[in-house]
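Below is one structure, written out as C-alpha cells, with a few remarks after it.
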Amino acid sequence: MEIFKEFIFEAAHRLPNVPPGHKCARLHGHLFRVSIHVRGAVGGESDWVMDFGDINAAFQPLYVQLDHYYLNEIAGLENPTSEVLAGWICERLRPALHATDFRVAVETQGSVYRAWLERCDLVTISPKPPSSGLTPNLSALDRFVALPNANFKVVVFDEIDFQFAKAIHLRYLRVPFYLQVGNAIGKDTAADLLAKLDWLAQRTIADPEMASAVVLPQLHVLLYGNRRGV
C-alpha cells in the first residue's frame, strides 16, 4: 500500500543557467508543493504503513531551511530547478526514512545523472519511449546502469515502443528489465488495459531475446482508476 503526505512552502529563486532573456532568470517566487510517498506493508499491530507524524518529523528540518528563503543561497540549490530541488529533498530525507526501516526508491528518465542517486536503495530508469514524442539520449544511460541497485522500466504503447525497449534491454542485458503497459489517462478503460497487457505479454513471450524481461500491468489503475494517492 502507498500513502502520501503533502507539504507547502513559499520561497524565492532564479535560474542562472537558462538562455539570455528567459523570464526565469529574474528573481521571482513560488508556492512549492512537496508530495512524499511511502510504500510498504500495513503493520500487523499498528494497521498503518507509517506514522504520518514520522513523515512530518522527517520533513520539518527541511521545511525550516526552505520556507521564505532565497533558494539560490542554500548549498546544493545554486541552480534551483524543480528537478534539482526534488533531488535535494530526497537526499536529505533518506537518513530519516532509513532510521524507521524504510528504503528510498527513485524513478528517473535517465537523462541527468545526480550523485545522490548513489545513496538510494533502488533506482528505476524509465526512458521515455517514442510514443511520448521525446528523443532520449541513450548514451546518457551508461552512467545510470553502473548503480548497484538500478533497473529498467519502459512503458510500451505499441510495436515501435516495444522495439525501443528491446534495444535498451539488449544493450544492458545484465540490468533487471521490466515492461509496463501504457496507460492513456482519461481514455483507457480497464478492458483496454487488459487487452494491452495481453498483447504485450504475448509479444514478449514470442521474442526469445526478451525471455528475461518481466511484463507489468498497470495494476493500480485496474483497481482504482487514475485516482491520486493509490
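At a glance:
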item	result
Estimated translational D of the chain in µm²/s (Stokes, Kirkwood radius over Cα pairs; 37 °C; 0.692 mPa s)	164 µm²/s
Helix 82-99 vs. the chain, principal-axis angle (Cα, 0 to 90°, nearest 10)	90 degrees
Cut-off under 5 Å, modelled amide H: who pairs with Phe32 long-range	Phe9, Glu10, Ala11
Ranking of Lys187, Lys128, Lys196 by count of other Cβ atoms within 10 Å, fewest first	Lys187, Lys128, Lys196
DSSP-defined beta bridges in the chain - what % are antiparallel, rounded to 5	45 percent
All aspartates and glutamates inside 15 Å of Lys128 as judged from Cα atoms, apart from same-chain residues fewer than 8 positions distant	Glu107, Asp158, Glu159, Asp161
Principal-axis tilt of helix 159-171 within the chain, Cα atoms, nearest 10 degrees	80 degrees
The chain - charge dipole about Cα centre, Lys and Arg +1 at Cβ, Asp and Glu -1, debye rounded to 20	540 debye
Hydrodynamic radius (Kirkwood) for the range 1-102, which is based on Cα pairs only, to one decimal in Å	15.1 Å
Cβ-based exposure ranking for Asp188, Asp142, in which fewest neighbours within 10 Å come first	Asp142, Asp188
Amide H within-cut-off set for Val155, under 5 Å, with H built and near neighbours excluded	Gln180
CD proxy at 222 nm, helix term only [per DSSP H run n ≥ 4: -39500 (n - 2.57); per residue of the chain; nearest 500]	-9500 deg cm²/dmol
Equivalent ellipsoid semi-axes, the range 105-230, via Cα gyration tensor eigenvalues times 5, rooted, Å	24, 18, 13
Ranked Glu83, Glu6, criterion: other C-beta atoms within 10 Å, fewest first	Glu6, Glu83
Rounded to 10°, Cα long-axis angle of helix 52-66 versus longest principal axis of the chain	60 degrees
Positive minus negative residues near Asn137 (Lys, Arg vs Asp, Glu; Cβ under 15 Å)	+2
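Coordinate-derived values only; no laboratory data. Small disclaimer: the values here were computed from a predicted structure and weren't measured. Cβ coordinates were reconstructed from backbone atoms using ideal geometry, including for glycine residues, and neighbour counts include every protein chain displayed.
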